1. Would you check the accessible area of residue B:33, probe 1.4 Å, heavy atoms only, in square angstrom rounded to 10?
2. Hand me the trypsin sites (Lys or Arg not before Pro) from the range B:18-53 located in a DSSP loop with no more than 16 other Cβ atoms within 10 Å, in residue order please.
3. Quote the FRET efficiency, to the nearest 0.05, computed for residue B:6 versus residue B:60 with a Förster distance R0 of 25 Å and r equal to the Cβ-Cβ distance.
4. Using a 1.4 angstrom probe with every protein chain in place, what is the largest-first accessible-area order of A:195, A:139?
5. From other protein chains only, count the Cβ atoms within 10 Å of every residue's Cβ in B:159-165, then give the mean.
6. What would the Debye formula give as log10 I(q)/I(0) at q = 0.17 Å⁻¹ for the alpha-carbon point model of the range B:68-202, no solvent?
7. Peptides B:243-249, A:97-103, B:213-219: what's the order by average Cβ count within 10 Å, highest mean first?
8. Within 10 Å of each Cβ in peptide A:99-107, how many partner chain Cβ atoms are there on average? Round it to a whole number, please.
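The values are calculated or read from the model by the stated rules, or taken from the named source; none is laboratory data. No experiment lies behind these values; they were computed from the predicted model shown. No Cβ is skipped: glycine too gets one built from the backbone with ideal geometry, and neighbour counts run over all protein chains shown. Quick note on the areas: whole protein, heavy atoms, side chains included, nothing else; ligands and nucleic acids left out. Shrake-Rupley method; radii C 1.70, N 1.55, O 1.52, S 1.80 Å.
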Amino acid sequence: MTSTEIKCWGECMDVAVQIAHKAGKVVQEAVKQEKRVSSKSTPTDLVTEADQQVEDLIISTLREKFPSHRFIGEESSAAGEKCILTDEPTWIIDPIDGTCNFVHSFPMVAVSIGFAVKKELEFGVIYHCFDGTLYTARRGHGAFCNGTPIQVSKEKDISKALILTEIGAKRDPATLEIFSGNMLKLLSAPAHGVRIIGSSTLALCHIATGAAEAYYQYGLHCWDIAAAAVIIREAGGCVIDTSGEPWDGCFR
Amino acid sequence: MPDLWQEAMDHAVVLARKSGEIVREALQNEMKVMCKSSSVDLVTKTDQKVEQLIIASVKDKFPTHSFIGEESVAAGQPCILSDNPTWIVDPVDGTTNFVHGYPFIAISIGFAADKQLEFGVVYSCLEDKMYTARKGKGAFCNGQPLQVSDQTDINQSIIATEFGSNRDPEVVDKIFSSMRKVLCLPIHGMRGAGTAATNMCLVAAGSAEAYYEIGIHCWDIAAGAVIVSEAGGVLMDVGGGPLDMMSRRVVAANNKTIAQRLIKEIEAYPATRDDAPIDSKE
């Protein structure tokens, strides 16, 4: 990276933090209002007007500041925009991670903003909308929670591990059979426990802070993990595919 | 007419807050983790220290009161609820979470007199959320009133449950079978904070429609039961009858409609009652 680029991505990250705060405040207000809820791929894959509004807010703000940059956003993607990562500076956005929680006022909802250049994730910003916690990381510069450095757990023994996961939106018996089979194997390790909070980005942040040892999921999208992947790696953790192979950002 | 138990409740809040400070401090230090009934049923010195603090303080202020505490029972004290004013305490609900620094850790203080639950205090100490409820006077979190969700359609619900610490394959099989059946209804989602008290407070706050579990103990649910009830919710047994605090089973829901629909999917399995004679316990 040139020094200009280094400076530029730093500036981008500062803007990401500002917009995450702003978007987070919009979510905090919206959670108190009545919500118009519809569904996407399944009856349990929820979306609200707030998801779309917050994504528009983030993208329009960023586009104004960085007109040459590209955007991958959950709601834009749902509306038909292509989800292709090029070499161009690209923002990867989940405006409300934990929409189901948002609908229920279940207090685990986050704004997630990742950023990649030349297909390499450069920084991640995640804002916990209910308690205002900010998780940030820039490649090569460490990971932080509200400005305090964070580190993954040092535990290596699966029988002393706390594992996090999410069920996802599929409810067909075959998928749930596999889902519960996987969880059963982990509980039989015997892992200390399995937790589900309904927000993959916040669950991933718990890995980065060392509050849990691992997270796994099928059915994630790139916008769910882009920011968190940087945060986990910079906290000393690793991100891999469930097959054990290197993780491919958009491979679910 | 003065409230007979208000002073006790005020003291419970003070104790819960003080205990929360001890827990937060303990998280900064290395901790020794021990096991109780299995390798995943954890206990630490902090659990014991907090319970001792609460017992000593209660004995001092209310010398005639009785006490049921998780660690005292683990040490061999009987777990019998009499008519006497009784404190029912889980000093650290979510010990596994505590061991990991996972952010849901609660001090749970319930209180019964004449075998009726009178008040409940649950302090989620990392979130700094003090949940309180006095019978007949509503439920609150940090002074803000709590109200359960008004959802009546189970397909629009979030249900909380836990996998517990029993790894007996037959038990685990039932737990997962129930989970799949509930998920397939379908419901919006399933959640598990890792502490019964917190799960119940989430129901009271309207964030989840219901919580169910088999394998919990009376000290896990005594306080939460008052909080859910005072927030407008219902407590039931997984078989559909009234809640039996010593039965090791609980359903806490926003209303009877959701509770009764949920109960149809729960596969029960035996669990030794909390008030069973000591030599019959696992």
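1. The accessible area comes out at roughly 60 Å².
2. Numbers: sites: B:18, B:24, B:32, B:36, B:45, B:49; in loops: B:32, B:36.
Answer in residue order: B:32, B:36.
3. About 0.85, to the nearest 0.05.
4. Values: A:195 20, A:139 95 Å².
Listed by decreasing accessible area, they come as A:139, A:195.
5. Details: counts 0, 2, 1, 4, 8, 2, 4.
Other-chain Cβ atoms within 10 Å of each residue's Cβ, averaged: 3.
6. -1.15
7. Numbers: B:243-249: 20.3, A:97-103: 26.6, B:213-219: 23.9.
Per-residue mean Cβ counts within 10 Å order the peptides as A:97-103, B:213-219, B:243-249.
8. Working: counts 1, 5, 6, 0, 4, 14, 7, 10, 5.
If you average over the peptide's residues, the count of other-chain Cβ atoms is 6.
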